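Working notes for the structure below.
The values are calculated or read from the model by the stated rules, or taken from the named source; none is laboratory data. The shown structure was predicted, so the numbers you read here are calculated from the model rather than taken from an experiment. Cβ coordinates were reconstructed from backbone atoms using ideal geometry, including for glycine residues, and neighbour counts include every protein chain displayed.
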Amino acid sequence: DAKTTQPTSMDCAEGRAANLPCNHSTISGNEYVYWYRQIHSQGPQYIIHGLKNNETNEMASLIITEDRKSSTLILPHATLRDTAVYYCIVRVTWGSNSGYALNFGKGTSLLVTP
Amino acid sequence: DTEVTQTPKHLVMGMTNKKSLKCEQHMGHRAMYWYKQKAKKPPELMFVYSYEKLSINESVPSRFSPECPNSSLLNLHLHALQPEDSALYLCASSQDTSGSYNEQFFGPGTRLTVL
């Protein structure tokens, strides 16, 4: 299974870009990188995912390095509501026909300050 | 409707009680999941149902018994739990478990306390 490494915590000033790094140096060629976040006392929320190319949606941008060993989640204009734990996940396959499931790592606790 | 609902929100039970957690989605998803989350820890996968059949059981003790009566409902039956089973139990659903796109939608969770 590919493992991910993230900083334990980060701070970001409101209105600035939050750049959250993730290392996944053992990722294999067909494994996707997913990002979820979990606001306190809520269920995790999907943010974005990618394979090779950079991706952007209404919530964030995902930059994946050319060798795919690391990625960065970018929240372009962080707000106080973005304070949460952010999980970088490399999707894991269980068994031959069991499909895919998410294997959450420890995540990064992002604090957005006024 | 992109919501996964879970009931109850909070549950306190004794070690000899039998209780059930319920999860419901109306997005037409064919995969449903149970996760367990201890305080200040990431969610841990417990069970995966795909097309109403159990496809993954992550070595969960038998005091936890999942059930998927139809494609919209997922239950977790609890019996003879231990205090260390106290946690947030999260339900999630996705279109299925295969393919390149597999966004999981999570419910708010049930906060379980075992006395």
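Does any residue of region A:93-102 turn out to be surrounded by 13 or more Cβ atoms within 10 Å (Cβ to Cβ), in a strand (DSSP E or B) and within 13 Å of the chain's Cα centre (by Cα)?
Going residue by residue through region A:93-102, those that are surrounded by 13 or more Cβ atoms within 10 Å (Cβ to Cβ) are A:93-94, A:98-102.
Adding the requirement that they be in a strand (DSSP E or B) leaves A:93, A:100-101.
Of the ones still in play, those that are also within 13 Å of the chain's Cα centre (by Cα) are none.
The answer is no, given that none of the residues of region A:93-102 is surrounded by 13 or more Cβ atoms within 10 Å (Cβ to Cβ), in a strand (DSSP E or B) and within 13 Å of the chain's Cα centre (by Cα).
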> What are the pairs, 6+ residues apart or on separate chains, where a residue within region A:21-50 that is small (Gly, Ala, Ser) has its Cβ under 7 Å from a residue that is in a strand (DSSP E or B)?
Replying inline: A:Gly43/B:Leu90; A:Gly43/B:Phe106; A:Gly50/A:Val33; A:Gly50/A:Leu62; A:Gly50/A:Ile64
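Does at least one position in region B:37-58 carry a residue that is more than 9 Å from chain A (Cβ to nearest Cβ) and under 13 Å from B:Val4 (Cα atoms)? Talk me through it step by step, then tell me what you get.
Pass one, region B:37-58, residues more than 9 Å from chain A (Cβ to nearest Cβ): B:38-40, B:46-47, B:49, B:51-54, B:57.
Imposing the further condition that a residue be under 13 Å from B:Val4 (Cα atoms) reduces the set to none.
No, region B:37-58 contains no residue that is more than 9 Å from chain A (Cβ to nearest Cβ) and under 13 Å from B:Val4 (Cα atoms).
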>> Between a residue in region B:9-20 that is over 19 Å from A:Gln42 (Cα atoms) and any residue that is of a type in the set (A, V, I, L, M) and not in a strand (DSSP E or B), which pairs come within a Cβ distance under 6 Å, given they are 6 or more apart or on different chains?
In response: B:Gly14/B:Leu115
>> Being touching a residue at least 12 places away in the same chain (Cβ under 8 Å) and within 14 Å of chain A (Cβ to nearest Cβ) is the requirement here; does B:Gln25 meet it?
In response: yes
>> Show me the strands (runs of 3 or more DSSP E) entirely contained within region A:1-84 in which 1 or more residues are surrounded by 13 or more Cβ atoms within 10 Å (Cβ to Cβ) and away from chain B (no Cβ under 14 Å).
In response: A:9-13, A:18-23, A:61-64, A:70-75
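Can you name the strands (runs of 3 or more DSSP E) wholly within region B:14-86 that have at least 2 residues being at pLDDT 95 or above and crowded, with 18+ Cβ neighbours inside 10 Å?
Hits in region B:14-86: B:18-25, B:31-37, B:64-70, B:73-79.
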> Which of (1) within 30 Å of B:Thr7 (Cβ to Cβ); (2) hydrophobic (A, V, I, L, M, F, W, C); (3) touching an Asp or Glu at 6+ places or on another chain (Cβ under 6 Å) does A:Ile39 not meet, given it meets every other one?
Replying inline: (3)
